[in-house]
Amino acid sequence: MAYNETEFDTGSHWLPFTPNRHFRKEPRVFVAASGMHFTTHDGRQVIDGISSLWCVGAGHARAPINEAIKKQLDTLDYGTTFQATNDRAFEAADMITALAPGDLDKVLFCNSGSEAVDTALKLALAYHRARGEGHRNVFIGRERGYHGVGFGGISVGGIPANRKAYGTSMLPRVDHMRFIHDPAQAAYIHGEEPVWKDDPLLELEQRILPLHDPSNVAAVIVEPVAGSAGWYLPPKGYLQRLREICDKHGILLVFDEVITGFGRMGTNFAADFYGVVPDMLTFAKCVTNGVIPLGGVICRGKLYDQMMKTDAPEHMVEFFHGYTYSGHPVACAAAVATLKLYKEENLFARAGDMGKVLGDAFHATFKGLPNVVGIRSLGCAAAVELAPIAGAPGKRAYDIFIDCYKRGALVRPAGDVIVIAPPYIVEKPHIEQLVDTLAGSIRKH
Ligand code: PMP
């Protein structure tokens, strides 16, 4: 029997990002997982249609990762005391930079996507200040962007619900570009990049940059593909143009690849998929197959080199930042084993191939169903957008999520969008099951 099964409705655990009142009426608790499936407290199998939280790329309970963790625990269980580190952290960093785009060749580790974003924002400020440009302290994010829950992340993030409980206690100098979705131009996207008639970045050039003066802007941060908002895809050429604009004004470009990193686009990073190299790239989630917390920032050598050029004596810290668990050997051992497994099983290419199967199934099955107003597929993820219920935004997708769960499939509601982004080991019958279950729920709601 699962721990305290009779009390999931009253227990002490306050669930994050979950309607707790509803959860307590209908607890959904996992007690085991393997491959594509969870086992629930009431003994059912639920197929994992969203790689848990976009993080379990290689599927659950993979022996090589678990073995590596056990071995590391028995060898060196901790080893990031500041002023000293461990060999696994070097190994993981080298493997990560070997996969990274362009000349991104230094890794600062942390434990989550939120910490990675705050680390990148702090590094941007510190870098400019070290170059004598401390006036560069404006950050530009994008409407509906999700960058975690630190104060930096919710400030540059563009989801009002993540901010409204905290009033004006945000980073002070932040602006947001318009969102990258226009239903009139890109409601249905089937495995290709959306093409827009107008230029979504004109606003950045004509309103936002002149307003702040580009010489005051430290960094622009975007998710290459807006994941948490509901898998919204950048218009063709958007990221290239953004790179050009940033270069023109000496602004750092940060890609938040917490979701898109390590295979979700069928490539190492979305940066590779779109052929654009940022100055910093944040990652977490799939780097350890979700098994153990690990995140980080991969940055261009020029940022590291600049910070090393300090006039301060050699015993002084150059960038005053870090966490007790930065580069934790057990997390890094998990990363090393995970990245080896992705390579051995060629899982990033497989993600791209199975993503096409998923996209085909979405378009063939959902187009024309009641309340479906958009379908987007690219990489190993697909989204179906639903008309909101009047006066109750998000309720239709939430009800569909609950119904799918009861019928054995974990899908992801995001506003009035449902996303499926399975582990890269997904097989065709899994996709059929996920899509059939979702279609049944859409018809009912
Ligand atoms: N950035 C992006 C793009 C994300 O999708 C997420 C999490 N979904 C985060 C940051 C935050 O990551 P974490 O939950 O690990 O703090």
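The values are calculated or read from the model by the stated rules, or taken from the named source; none is laboratory data. None of these values were measured; they are calculated from a predicted model. Ideal geometry is used to build each Cβ from the backbone, glycine not excepted, and the neighbour counts take in all protein chains shown.
Under 9 Å between Cβ atoms, which residue pairs at least 6 apart in sequence (or on different chains) link something in segment 241-256 that is more than 16 Å from the ligand (Cβ to nearest atom) with a partner that is of a type in the set (Phe, Trp, Tyr)?
The qualifying pairs are Leu252/Tyr127.
Is it the case that Asp9 is modelled with pLDDT under 95 and within 30 Å of Val419 (Cα to Cα)?
yes
Of all residues in segment 206-223, count the ones that are among the charged types (D, E, K, R) and under 27 Å from the mean Cα position of the chain (by Cα). So that I can check it myself, show each step before the final result.
Going through segment 206-223, the residues among the charged types (D, E, K, R) turn out to be 207, 213, 223.
In the following step, the residues that additionally are under 27 Å from the mean Cα position of the chain (by Cα) were identified as 223.
Residues in segment 206-223 being among the charged types (D, E, K, R) and under 27 Å from the mean Cα position of the chain (by Cα): 1 in total.
Being surrounded by 16 or more Cβ atoms within 10 Å (Cβ to Cβ), at pLDDT 95 or above and of a type outside the set (A, V, I, L, M): is that true of Asp74 here?
no
Out of Ala284, Ala229, which single residue is within 15 Å of the chain's Cα centre (by Cα) and closer than 25 Å to Glu205 by Cβ?
Checking each option against the conditions leaves just Ala229.
So which pairs qualify, if the first residue must be in segment 270-285 and at positive phi and more than 10 Å from the ligand (Cβ to nearest atom), the second must be at pLDDT 95 or above and not acidic (Asp, Glu), the Cβ gap must be under 9 Å, and the two must be at least 6 apart or on different chains?
From residues that are at positive phi and more than 10 Å from the ligand (Cβ to nearest atom), the pairs are Gly275/Pro101; Gly275/Leu239; Gly275/Gln240.
Conditions first: (1) away from the ligand (no atom under 16 Å from the Cβ); (2) closer than 26 Å to Asn162 by Cα; (3) under 21 Å from the mean Cα position of the chain (by Cα); (4) surrounded by fewer than 18 Cβ atoms within 10 Å (Cβ to Cβ). Phe179 passes all but one, so which condition is the exception?
Just one mismatch for Phe179, condition (1).
Which one of Leu123, Leu171 is in contact with a Cys (Cβ under 9 Å, 6 or more places away or on another chain), farther than 20 Å from Gly227 by Cα and within 16 Å of the ligand (Cβ to nearest atom)?
Exactly one of Leu123, Leu171 is in contact with a Cys (Cβ under 9 Å, 6 or more places away or on another chain), farther than 20 Å from Gly227 by Cα and within 16 Å of the ligand (Cβ to nearest atom), namely Leu123.
Which residue out of Asp74, Asp94, Asp103 is among the acidic types (Asp, Glu), touching a residue at least 24 places away in the same chain (Cβ under 8 Å) and either away from the ligand (no atom under 16 Å from the Cβ) or on the phi < 0 side of the Ramachandran plot (or both)?
The unique qualifying residue is Asp103.
Looking only at segment 82-104, decide whether some residue is touching a helix residue (DSSP H, G or I) at 6+ places or on another chain (Cβ under 9 Å), assigned to a helix (DSSP H, G or I), among the charged types (D, E, K, R) and surrounded by 19 or more Cβ atoms within 10 Å (Cβ to Cβ).
Within segment 82-104, one or more residues are touching a helix residue (DSSP H, G or I) at 6+ places or on another chain (Cβ under 9 Å), assigned to a helix (DSSP H, G or I), among the charged types (D, E, K, R) and surrounded by 19 or more Cβ atoms within 10 Å (Cβ to Cβ).
Just checking, how many residues over segment 358-410 are surrounded by 15 or more Cβ atoms within 10 Å (Cβ to Cβ), of a type in the set (A, V, I, L, M, F, W, C) and part of a helix (DSSP H, G or I)?
Number of matching residues: 9.
Take Ala349 and tell me if it is at pLDDT 95 or above, surrounded by fewer than 16 Cβ atoms within 10 Å (Cβ to Cβ) and farther than 19 Å from Ala414 by Cα.
yes
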